[in-house]
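The values are calculated or read from the model by the stated rules, or taken from the named source; none is laboratory data. Just so we're clear, the structure is a prediction, and the values are computed from it rather than from any experiment. Backbone-built Cβ (ideal geometry, glycine too); neighbour counts: all protein chains shown. Ligands, DNA and RNA are excluded from the accessible area calculation, which covers all protein heavy atoms including side chains. Shrake-Rupley method; radii C 1.70, N 1.55, O 1.52, S 1.80 Å.
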Amino acid sequence: METILRAHKIRLCPNNKQATYFSKACGVARFAYNWALARSKELYGQDNSYKFNEAAIRRELNAIKGAQFPWMLEVTKCAPQLAIKDDLNSAYKNFLAKRSEFPKFRKKGIHDSFSLSNDQFKVNDNHVHIPKLGEVRLAEQLRFSGKIIAATISRTADKWFIAIQVEIQKPEPTHTGKSQATGVDFGIKALATLSDGTAIQSSKASRKYENRLKRLNQELSRRKGAKKGERQSANFKKTKLGIARLYARMANLRADETHKLTTMLTQNYGLIGIEDLNVRGMLKNHNLARYIADAALSECRRQIGYKSEVSGSRVVVADRWFASSKTCSNCGAVKETLSLSERTYHCDICGFICDRDHNAALNLKNYALRA
Ligand SMILES: [Zn+2]
């Protein structure tokens with residue numbers, strides 16, 4: 001059976017001792033990477049005909065590390081090993097394939113990370129067990145079951161994460177035929193509307209955030225510093241920071257909601273019609289609600305893309321110029337204009353009356369069926 005690789009990034013909850021170990025391991029990985037890069041540059045310069053021999057370089061470092069860099073032995077041997085074998089090696093490969101520039105030295109504090117091979121850690125329900133370090137608590141359980149391949153531990157701001165790579169079996173596509181087809185309209189009023197008329201609302205919490213955001217934005221425009229050229233007051237900066245924090249929380253919540261939605265769609269439908277992202281509309285749009293809906297749409301698109309790979313669903317993206325809102329799903333007539341405030345579609349030709357978003361979803365379903 002065919003297999004595919006999936007990675008799940010989970011927040012770690014290390015104690016102080018474990019966090020110190022992680023920092024140290026990141027340092028050792030960075031050191032090994034930089035040492036190997038400096039050594040190979042010394043030997044070969046930036047000759048682009050040179051094939052980076054990761055094994056030879058690692059042997060060299062292993063031979064001297066005990067005597068010259070004994071602190072390297074304080075952390076898992078995977079940290080230096082995989083930094084050279086995987087990270088630097090692929091950096092060289094990308095360079096030779098002209099996909100990227102010559103590898104650069106790593107700097108402290110930028111993408112701090114180290115990797116573990118699958119014999120160096122074990123995952124059970126809520127913990128990851130690392131030899132010599134013990135159990136480190138996971139903020140959530142591993143989403144996939146299958147053969148664990150490797151893991152990378154990294155730091156973002158002051159938080160630690162583990163990305164666990166799992167090889168899972170690609171299931172037989174559960175979806176065949178067109179009986180389970182749906183169109184999805186991502187809107188402002190509801191998070192999504194399906195062609196059977198189901199409207200999936202964003203959560204109460206999400207709407208509360210949106211209202212608070214609206215208030216904060218109004219507050220910001222009243223603060224001293226809002227006008228061009230005006231010096232930004234302390235209160236202006238305070239409100240601005242509040243908005244940034246709220247955005248981050250909203251994004252987290254949205255991600256949660258879109259995951260639920262896209263899982264439901266790919267599990268239940270074999271054919272999914274969605275609209276193309278109107279990039280031009282997005283760029284000139286200053287409407288906040290529309291902005292949030294567009295951002296959710298692009299995230300949903302991405303998730304439906306990779307989840308449908310597993311479920312076997314076929315995703316049909318309507319042409320950018322397909323008028324999903326202006327077209328009558330009953331007779332196919334296309335309206336010249338339809339303002340955003342018109343929440344109900346009323347066809348002048350056949351008299352069809354339908355909720356605006358439901359009508360758009362029906363059109364997207366029909367589009368997918370025709371494709
Ligand atoms: Zn009509």
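Could you tell me whether segment 142-162 includes any residue that is at pLDDT below 90, in a loop (DSSP other than H, G, I, E, B), of a type in the set (Lys, Arg) and open to solvent by 40 Å² or more (accessible area, probe 1.4 Å)? Yes, segment 142-162 contains at least one residue that is at pLDDT below 90, in a loop (DSSP other than H, G, I, E, B), of a type in the set (Lys, Arg) and open to solvent by 40 Å² or more (accessible area, probe 1.4 Å).
Annotation note: of LEU364, LEU297, the sole residue that is assigned to a helix (DSSP H, G or I), at pLDDT 90 or above and crowded, with 19+ Cβ neighbours inside 10 Å is LEU364. Tell me, yes or no, whether segment 321-342 has at least one residue that is on the phi > 0 side of the Ramachandran plot and within 16 Å of the ligand (Cβ to nearest atom). Yes, segment 321-342 contains at least one residue that is on the phi > 0 side of the Ramachandran plot and within 16 Å of the ligand (Cβ to nearest atom).
In this entry, LEU261 passes the filter for residues that are part of a helix (DSSP H, G or I), open to solvent by less than 40 Å² (accessible area, probe 1.4 Å) and under 30 Å from LEU369 (Cβ atoms).
Would you please name the residue that is nearest to LYS189 (Cα to Cα), looking only at residues in segment 218-243 that are within 27 Å of the chain's Cα centre (by Cα) and open to solvent by less than 60 Å² (accessible area, probe 1.4 Å)? Among them, the one singled out is ILE243.
The residue of segment 300-320 that is nearest to THR266 (Cα to Cα), among those that are part of a loop (DSSP other than H, G, I, E, B) and either within 16 Å of the ligand (Cβ to nearest atom) or in contact with a strand residue (DSSP E or B) (Cβ under 7 Å, 6 or more places away or on another chain) (or both), is SER313. Candidates are the residues of segment 343-352 that are under 20 Å from ALA192 (Cβ atoms) and within 14 Å of the ligand (Cβ to nearest atom); the one that is most open to solvent (accessible area, probe 1.4 Å) is THR344. Within this structure, THR266 passes the test of being polar (S, T, N, Q), within 22 Å of the chain's Cα centre (by Cα) and not in a loop (DSSP other than H, G, I, E, B).
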